[in-house]
Amino acid sequence: MLGTEAATTTASTAHMTPGPTSGARLVSLDAFRGLTIAGMILVNNPGSWSHVYAPLLHAEWNGWTPTDLIFPYFLFILGVALPFSFRRRIASGARPSTLFRHVLRRSLILIALGMAMRVIPDFDVAEMRWPGVLQRIGLVYLAAGSLYLWFGPRARLGWTAGLLLGYWALMTLVPVPGYGAGDLSPVGNLAAYIDRLIMEGHLYQGTWDPEGFLSTLPAVATALLGITTGEWLLSGRDARALTRDLLVSGAVLTLAGTMWGMVFPINKNLWTSSYVLFTGGTALLLLALFHDVVDVRGRRGLWLTPLLVYGMNAIAVFVASGFLTKALVRIHVGEEGTSLYAWTYETLFRSWAGDKAGSLGFAVAYVLLWLGLTGILHRRRIFIKI
């Protein structure tokens, strides 16, 4: 489950193409980020987890649903934003070691936020889950940012291939005590075995964790695909030719991930190499469409505003919505002590819409609530950054 611990890079550092010297924002990236964060809030906050439409749940193991696309899209967007974030400072002579301190600082803040969201308000440190989505994003940002600062485009492509092929080899060839090699079941796979060795008692599912240690390595490759995309967007190439190449590349990656998935299944919990290619490809396709419509053709109607409201304060809305959800669950009302969260679902939504439709209605209302609250910040030009 994605949980309430996902985040994206902030929108403050993205700038508009087509030219590498342009100073305008890359509005399409803000919009893509906004769509992703809205999707995260939607799937994380149903009225009842007992009544959710299948596309709004994660695949139980192998395979994918639309919900399984959200987290890798965060990491892909993080990668796209990196070249935009650092290109001016690199061009002005900033040393990689100086920029690395910024990468390290942001990574540590993301990890600390993830741990804080896990431990507050219960402070059950001895039994708390250690991995998490924010923690993974922090680690991925640290690794991808370092590779961007100290390696060129060709070397980073080599790292991407090495991470994907290396992870595939580890997961299929290295034997796990009691299970053998190539066991990709929830308990018998190598990633779960390593997580139990180093974090037993602190895993989401007890014996394995979808944001564990080993599966973070291919997640770095997801961000590296984003970095390559960001460099393409900064290349100064003809805008329509660039859109075409992004669409073709996205289709090729999606097909490659689907084919690899026949032998190394697409699996979000294991973050398999096929999953990286498939989700990276679909992310490329969506970003290419946003870029063509928003940046190249300049079609920016009212439909775009909600996406920008979310996309330009993504981390703030994520953290705030996560804490509000916790508060609603812990506040009890009525003689039976029903949580305010459940009471709202039962009284305002389920009572007239039914189980699943009411649960979806609650989630949609929650998205609209945070759109309104974040819109206040947007109108006042307040953009919270790390």
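Extending 7 Å from Cα along the Cβ direction at A353 and again at R381 yields two label points whose distance is 3.7 nm. Modelled spin-label separation between A251 and L165, with each label point placed 7 Å from Cα along the Cα-to-Cβ direction: 2.7 nm. Let's test the formula: R0 of 56 Å, r as the Cβ-Cβ distance of R299 and H332. What FRET efficiency results, to the nearest 0.05? The pair R299/H332 has a calculated efficiency of 0.70.
Work out the FRET efficiency for S92 and S235 from their Cβ-Cβ distance, taking R0 = 25 Å, and round it to the nearest 0.05. Provide the component values of the computation, followed by the final result.
Numbers: r = 20 Å, r/R0 = 0.79.
Using R0 = 25 Å, I get an efficiency of 0.80.
With the contact rule set at Cα under 8 Å and sequence spacing of 6 or more, what percent relative contact order holds for the stretch 11-379? Could the numbers behind the result be given before it?
Details: 557 pairs, mean separation 99.9, N = 369.
In percent, rounded to a whole number, it is 27.
Applying 1/(1 + (r/R0)^6) with R0 = 30 Å to the Cβ-Cβ distance of R101 and S50, what FRET efficiency is obtained, to the nearest 0.05? Efficiency, rounded to the nearest 0.05: 0.05. Each peptide in 201-214, 85-98 gets a packing score, the mean of other Cβ atoms within 10 Å over its residues, and the list from highest to lowest is 201-214, 85-98. For K385, a cut-off of 30 angstrom between C-alpha atoms picks up these lysines, skipping any fewer than 8 places away in its own chain: K268, K326. Give the residues of the stretch 330-352 whose amide nitrogen is closer than 11 Å to a point set 7 Å from the Cα of A365 in the direction of its Cβ. Within reach of a label on A365: 341-352. Separation of the stretch 180-204 and the stretch 46-83, taken as the distance between their Cα centroids, equals 22 angstrom.
Descending by average beta-carbon neighbour count within 10 Å, the peptides 187-198, 242-253, 134-145 line up as 134-145, 187-198, 242-253, the highest first. Matching the structure-derived Cα Rg over 2.2 N^0.38 Å against the labelled list [x] 0.98; [y] 1.25; [z] 1.09 gives the label [x].
Here, each number is a calculation from the coordinates, and none is a lab measurement. As the structure is a prediction and not an experimental result, all values here were calculated from the model. Because the Cβ atoms are built from the backbone with ideal geometry, glycine has one as well, and the counts that use them run over all protein chains shown.
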